[in-house]
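Quick notes on the structure that follows.
The values are calculated or read from the model by the stated rules, or taken from the named source; none is laboratory data. Worth saying up front: this structure is predicted, and the values here are computed from it rather than measured. Cβ: placed from backbone, ideal geometry, glycine included. Neighbour counts: every protein chain shown. Quick note on the areas: whole protein, heavy atoms, side chains included, nothing else; ligands and nucleic acids left out. Shrake-Rupley method; radii C 1.70, N 1.55, O 1.52, S 1.80 Å.
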Amino acid sequence: MEQFDSFRHKGMRKRLVNELASKGINDVNVLNAIGNIPRHLFLESSFVSFAYQDKAFPIAAGQTISQPYTVAYQSQLLEIKSDDKVLEVGTGSGYQAAVLIEMGVKLFSIERQKELYQRSTKLLSNLGYKGRFYLGDGYKGLPTYAPFDKIIITAGAPFVPEDLLIQLKIGGIMVIPLGDKEQVMTRIKRISQNDFEQEQLGACSFVPMLKGVVNN
Ligand code: SAH
(Lines give C-alpha, C1' and ligand atoms only; values in the text may rest on other atoms or scores of the structure.)
Protein backbone atom coordinates (compact mmCIF):
# COMPACT_ATOMS: atom_id res chain seq x y z
CA MET A 1 0.00 0.00 0.00
CA GLU A 2 1.24 3.46 -0.90
CA GLN A 3 0.98 5.75 2.10
CA PHE A 4 2.43 8.82 0.44
CA ASP A 5 2.48 10.82 -2.73
CA SER A 6 5.22 10.12 -5.28
CA PHE A 7 6.40 11.26 -8.72
CA ARG A 8 4.61 8.24 -10.14
CA HIS A 9 1.33 9.33 -8.57
CA LYS A 10 1.84 12.89 -9.77
CA GLY A 11 2.42 11.63 -13.30
CA MET A 12 -0.75 9.53 -13.23
CA ARG A 13 -2.67 12.53 -11.89
CA LYS A 14 -1.44 14.72 -14.71
CA ARG A 15 -2.80 12.19 -17.18
CA LEU A 16 -6.13 12.10 -15.33
CA VAL A 17 -6.34 15.91 -15.46
CA ASN A 18 -5.70 15.82 -19.22
CA GLU A 19 -8.37 13.17 -19.64
CA LEU A 20 -10.91 15.27 -17.69
CA ALA A 21 -10.05 18.33 -19.79
CA SER A 22 -10.60 16.30 -22.96
CA LYS A 23 -14.00 15.20 -21.60
CA GLY A 24 -15.07 18.86 -21.30
CA ILE A 25 -13.94 20.04 -17.86
CA ASN A 26 -12.64 23.58 -18.42
CA ASP A 27 -12.75 25.18 -14.98
CA VAL A 28 -9.02 25.63 -14.34
CA ASN A 29 -9.53 25.71 -10.58
CA VAL A 30 -11.24 22.32 -10.69
CA LEU A 31 -8.45 20.84 -12.83
CA ASN A 32 -5.76 22.31 -10.55
CA ALA A 33 -7.46 20.91 -7.44
CA ILE A 34 -7.65 17.42 -8.95
CA GLY A 35 -4.03 17.75 -10.04
CA ASN A 36 -3.00 18.48 -6.45
CA ILE A 37 -4.98 15.91 -4.46
CA PRO A 38 -3.59 12.41 -3.80
CA ARG A 39 -6.79 10.50 -4.69
CA HIS A 40 -5.04 7.19 -3.99
CA LEU A 41 -5.13 7.99 -0.27
CA PHE A 42 -8.96 8.17 -0.37
CA LEU A 43 -9.41 4.60 -1.67
CA GLU A 44 -9.44 1.22 0.06
CA SER A 45 -6.00 -0.39 -0.26
CA SER A 46 -7.09 -2.98 -2.84
CA PHE A 47 -8.09 -0.25 -5.31
CA VAL A 48 -5.14 2.09 -4.84
CA SER A 49 -3.45 1.16 -8.10
CA PHE A 50 -6.59 2.23 -10.01
CA ALA A 51 -6.89 5.57 -8.24
CA TYR A 52 -6.15 7.67 -11.31
CA GLN A 53 -8.52 5.92 -13.67
CA ASP A 54 -11.70 7.83 -14.33
CA LYS A 55 -13.84 5.33 -12.39
CA ALA A 56 -15.94 5.07 -9.23
CA PHE A 57 -14.84 2.54 -6.56
CA PRO A 58 -16.33 1.01 -3.42
CA ILE A 59 -15.47 2.63 -0.07
CA ALA A 60 -16.63 1.51 3.40
CA ALA A 61 -20.28 1.00 4.43
CA GLY A 62 -21.34 -0.11 0.94
CA GLN A 63 -20.83 3.39 -0.53
CA THR A 64 -18.72 4.64 -3.45
CA ILE A 65 -16.18 7.34 -4.15
CA SER A 66 -17.60 9.17 -7.19
CA GLN A 67 -15.74 8.92 -10.47
CA PRO A 68 -13.32 11.83 -11.01
CA TYR A 69 -15.31 13.13 -13.98
CA THR A 70 -18.45 13.34 -11.82
CA VAL A 71 -16.57 15.15 -9.04
CA ALA A 72 -15.09 17.55 -11.59
CA TYR A 73 -18.42 18.09 -13.38
CA GLN A 74 -20.40 18.79 -10.19
CA SER A 75 -17.63 21.12 -8.97
CA GLN A 76 -17.63 22.99 -12.29
CA LEU A 77 -21.44 23.34 -12.28
CA LEU A 78 -21.22 25.06 -8.88
CA GLU A 79 -19.31 28.02 -10.45
CA ILE A 80 -17.11 28.20 -7.35
CA LYS A 81 -15.59 31.48 -6.24
CA SER A 82 -13.01 31.38 -3.47
CA ASP A 83 -14.58 32.08 -0.08
CA ASP A 84 -17.96 30.69 -1.18
CA LYS A 85 -19.72 29.03 1.72
CA VAL A 86 -20.56 25.55 0.47
CA LEU A 87 -22.67 22.73 1.92
CA GLU A 88 -21.91 19.18 0.75
CA VAL A 89 -24.33 16.32 1.44
CA GLY A 90 -22.53 12.95 1.49
CA THR A 91 -18.92 13.36 2.70
CA GLY A 92 -18.21 9.70 1.82
CA SER A 93 -14.47 9.25 1.24
CA GLY A 94 -13.87 12.99 1.66
CA TYR A 95 -12.46 13.35 -1.87
CA GLN A 96 -15.09 15.77 -3.19
CA ALA A 97 -14.67 17.75 0.04
CA ALA A 98 -10.91 17.96 -0.57
CA VAL A 99 -11.50 19.25 -4.11
CA LEU A 100 -13.79 22.03 -2.86
CA ILE A 101 -11.47 22.99 0.02
CA GLU A 102 -8.52 23.07 -2.38
CA MET A 103 -10.62 25.48 -4.52
CA GLY A 104 -10.73 27.87 -1.57
CA VAL A 105 -14.29 27.45 -0.30
CA LYS A 106 -15.53 27.40 3.29
CA LEU A 107 -16.79 23.83 3.36
CA PHE A 108 -19.52 22.34 5.53
CA SER A 109 -20.13 18.64 4.84
CA ILE A 110 -22.65 16.13 6.25
CA GLU A 111 -22.42 12.33 6.24
CA ARG A 112 -25.05 9.92 7.61
CA GLN A 113 -22.73 6.89 8.06
CA LYS A 114 -20.67 7.17 11.23
CA GLU A 115 -17.92 4.90 9.89
CA LEU A 116 -17.36 7.13 6.85
CA TYR A 117 -17.70 10.31 8.87
CA GLN A 118 -14.93 9.12 11.22
CA ARG A 119 -12.59 7.90 8.47
CA SER A 120 -12.92 10.90 6.23
CA THR A 121 -12.58 13.54 8.95
CA LYS A 122 -9.40 11.80 10.16
CA LEU A 123 -7.92 11.53 6.67
CA LEU A 124 -8.76 15.12 5.70
CA SER A 125 -7.29 16.51 8.90
CA ASN A 126 -4.12 14.39 8.44
CA LEU A 127 -3.78 15.84 4.94
CA GLY A 128 -4.32 19.39 6.26
CA TYR A 129 -7.73 20.00 4.64
CA LYS A 130 -9.78 22.27 6.86
CA GLY A 131 -13.55 22.10 6.77
CA ARG A 132 -16.46 21.50 9.12
CA PHE A 133 -17.77 17.94 9.14
CA TYR A 134 -20.98 16.69 10.68
CA LEU A 135 -22.54 13.29 11.31
CA GLY A 136 -26.19 13.87 10.43
CA ASP A 137 -29.03 13.65 7.96
CA GLY A 138 -28.34 15.75 4.89
CA TYR A 139 -32.06 16.03 4.15
CA LYS A 140 -32.15 18.56 6.99
CA GLY A 141 -29.04 20.48 5.95
CA LEU A 142 -27.38 22.70 8.54
CA PRO A 143 -29.91 25.42 9.38
CA THR A 144 -27.59 26.92 12.01
CA TYR A 145 -25.00 27.80 9.36
CA ALA A 146 -27.36 28.70 6.50
CA PRO A 147 -27.61 30.36 4.06
CA PHE A 148 -25.04 28.81 1.71
CA ASP A 149 -23.72 30.20 -1.58
CA LYS A 150 -23.62 26.70 -3.02
CA ILE A 151 -25.08 23.30 -2.10
CA ILE A 152 -23.82 20.04 -3.62
CA ILE A 153 -25.59 16.73 -3.12
CA THR A 154 -23.40 13.70 -3.88
CA ALA A 155 -26.06 10.99 -3.53
CA GLY A 156 -29.10 10.29 -5.72
CA ALA A 157 -32.02 12.28 -4.32
CA PRO A 158 -35.59 11.13 -5.08
CA PHE A 159 -36.78 14.76 -4.82
CA VAL A 160 -35.36 18.20 -4.01
CA PRO A 161 -35.29 18.45 -0.20
CA GLU A 162 -37.26 21.53 0.81
CA ASP A 163 -35.01 22.17 3.84
CA LEU A 164 -31.99 22.44 1.52
CA LEU A 165 -33.72 24.80 -0.92
CA ILE A 166 -34.46 27.28 1.84
CA GLN A 167 -30.82 27.13 3.00
CA LEU A 168 -29.63 28.39 -0.41
CA LYS A 169 -28.74 32.08 -0.71
CA ILE A 170 -30.59 34.18 -3.26
CA GLY A 171 -28.25 34.02 -6.26
CA GLY A 172 -26.95 30.68 -5.01
CA ILE A 173 -26.58 27.39 -6.88
CA MET A 174 -27.52 23.83 -5.94
CA VAL A 175 -26.25 20.81 -7.89
CA ILE A 176 -28.25 17.66 -7.25
CA PRO A 177 -28.55 14.28 -8.98
CA LEU A 178 -32.34 13.79 -9.08
CA GLY A 179 -34.08 10.44 -9.41
CA ASP A 180 -34.48 6.99 -7.86
CA LYS A 181 -32.50 4.22 -9.60
CA GLU A 182 -30.90 6.52 -12.16
CA GLN A 183 -30.59 10.24 -11.85
CA VAL A 184 -30.51 13.39 -13.93
CA MET A 185 -27.83 15.88 -12.94
CA THR A 186 -29.80 18.98 -12.08
CA ARG A 187 -28.69 22.54 -11.39
CA ILE A 188 -30.99 24.86 -9.48
CA LYS A 189 -30.42 28.61 -9.18
CA ARG A 190 -32.28 30.63 -6.61
CA ILE A 191 -33.18 33.83 -8.40
CA SER A 192 -35.34 35.40 -5.67
CA GLN A 193 -36.95 34.50 -2.36
CA ASN A 194 -39.57 32.34 -4.09
CA ASP A 195 -38.21 31.75 -7.60
CA PHE A 196 -35.90 28.95 -8.66
CA GLU A 197 -34.57 28.14 -12.12
CA GLN A 198 -33.88 24.48 -12.92
CA GLU A 199 -31.61 23.01 -15.62
CA GLN A 200 -31.39 19.29 -16.44
CA LEU A 201 -27.94 18.24 -17.53
CA GLY A 202 -27.90 14.58 -18.40
CA ALA A 203 -28.02 11.09 -16.90
CA CYS A 204 -25.85 9.97 -13.99
CA SER A 205 -25.76 7.24 -11.38
CA PHE A 206 -25.22 7.66 -7.63
CA VAL A 207 -25.81 5.63 -4.47
CA PRO A 208 -29.15 6.71 -2.95
CA MET A 209 -29.66 9.63 -0.59
CA LEU A 210 -31.23 7.98 2.47
CA LYS A 211 -32.84 9.40 5.61
CA GLY A 212 -31.49 9.18 9.15
CA VAL A 213 -28.07 8.41 10.63
CA VAL A 214 -26.27 5.03 10.79
CA ASN A 215 -24.37 4.90 14.08
CA ASN A 216 -22.10 1.88 13.62
N1 SAH B 1 -18.78 12.93 -1.99
C2 SAH B 1 -18.44 11.53 -1.76
C3 SAH B 1 -19.41 10.61 -2.48
C4 SAH B 1 -19.79 9.46 -1.60
S5 SAH B 1 -21.19 8.52 -2.13
C6 SAH B 1 -16.99 11.26 -2.15
O7 SAH B 1 -16.33 12.14 -2.71
O8 SAH B 1 -16.48 10.17 -1.85
C9 SAH B 1 -22.52 9.35 -1.31
C10 SAH B 1 -22.45 9.49 0.18
O11 SAH B 1 -23.67 10.10 0.60
C12 SAH B 1 -22.37 8.16 0.95
O13 SAH B 1 -21.25 8.21 1.81
C14 SAH B 1 -23.67 8.12 1.74
O15 SAH B 1 -23.54 7.51 3.01
C16 SAH B 1 -24.01 9.59 1.87
N17 SAH B 1 -25.42 9.91 2.12
C18 SAH B 1 -26.53 9.34 1.58
N19 SAH B 1 -27.64 9.92 2.07
C20 SAH B 1 -27.24 10.90 2.94
C21 SAH B 1 -27.92 11.84 3.78
N22 SAH B 1 -29.25 11.90 3.86
N23 SAH B 1 -27.17 12.68 4.53
C24 SAH B 1 -25.82 12.63 4.49
N25 SAH B 1 -25.11 11.76 3.74
C26 SAH B 1 -25.82 10.90 2.96
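Just wondering, is there one or more residues in the range 6-25 that are within 28 Å of Arg112 (Cα to Cα) and hydrophobic (A, V, I, L, M, F, W, C)? No, the range 6-25 contains no residue that is within 28 Å of Arg112 (Cα to Cα) and hydrophobic (A, V, I, L, M, F, W, C). Hey, could you check the range 43-84 for residues that are under 13 Å from the mean Cα position of the chain (by Cα) and aromatic (Phe, Trp, Tyr) and say which is nearest to Glu19 (Cα to Cα)? Here the answer is Tyr69. If you go through the range 177-206 and keep only what is among the aliphatic types (A, V, I, L, M) and crowded, with 17+ Cβ neighbours inside 10 Å, you end up with Leu178, Met185, Ile188. Taking first residues from the range 66-88 that are within 18 Å of Met209 (Cβ to Cβ) and open to solvent by less than 10 Å² (accessible area, probe 1.4 Å) and partners that are in a helix (DSSP H, G or I) and at pLDDT 95 or above, the Cβ contacts under 7 Å between residues at least 6 apart in sequence or on separate chains come to Val71/Tyr95; Val71/Gln96; Val71/Val99; Val86/Leu100; Glu88/Gln96; Glu88/Ala97; Glu88/Leu100. Counting the residues of the range 56-74 that are touching a helix residue (DSSP H, G or I) at 6+ places or on another chain (Cβ under 8 Å) and either modelled with pLDDT under 95 or part of a loop (DSSP other than H, G, I, E, B) (or both) gives 9. Against the test of being hydroxyl-bearing (Ser, Thr, Tyr) and under 16 Å from the mean Cα position of the chain (by Cα), the options Ser120, Ser192 yield a single qualifying residue, Ser120.
Only residues that are under 22 Å from Gly94 (Cβ atoms) and open to solvent by 10 Å² or more (accessible area, probe 1.4 Å) were counted in the range 151-166, giving 2. Would you confirm whether any residue within the range 189-205 is touching an Asp or Glu at 6+ places or on another chain (Cβ under 8 Å) and either of a type in the set (Asp, Glu) or within 16 Å of the ligand (Cβ to nearest atom) (or both)? Yes, there is a match, as at least one residue in the range 189-205 is touching an Asp or Glu at 6+ places or on another chain (Cβ under 8 Å) and either of a type in the set (Asp, Glu) or within 16 Å of the ligand (Cβ to nearest atom) (or both). Does Val48 qualify as being touching a residue at least 12 places away in the same chain (Cβ under 8 Å), under 28 Å from Ile188 (Cα atoms) and not acidic (Asp, Glu)? The answer is no for Val48. Among the residues of the range 32-56, those that are open to solvent by less than 50 Å² (accessible area, probe 1.4 Å) and under 14 Å from Lys14 (Cα atoms) comprise Ala33, Ile34, Gly35, Ile37, Pro38, Arg39, His40, Ala51, Tyr52, Asp54.
For the range 54-74, filtering for residues that are more than 11 Å from the ligand (Cβ to nearest atom) and under 21 Å from Leu127 (Cβ atoms) leaves 1.
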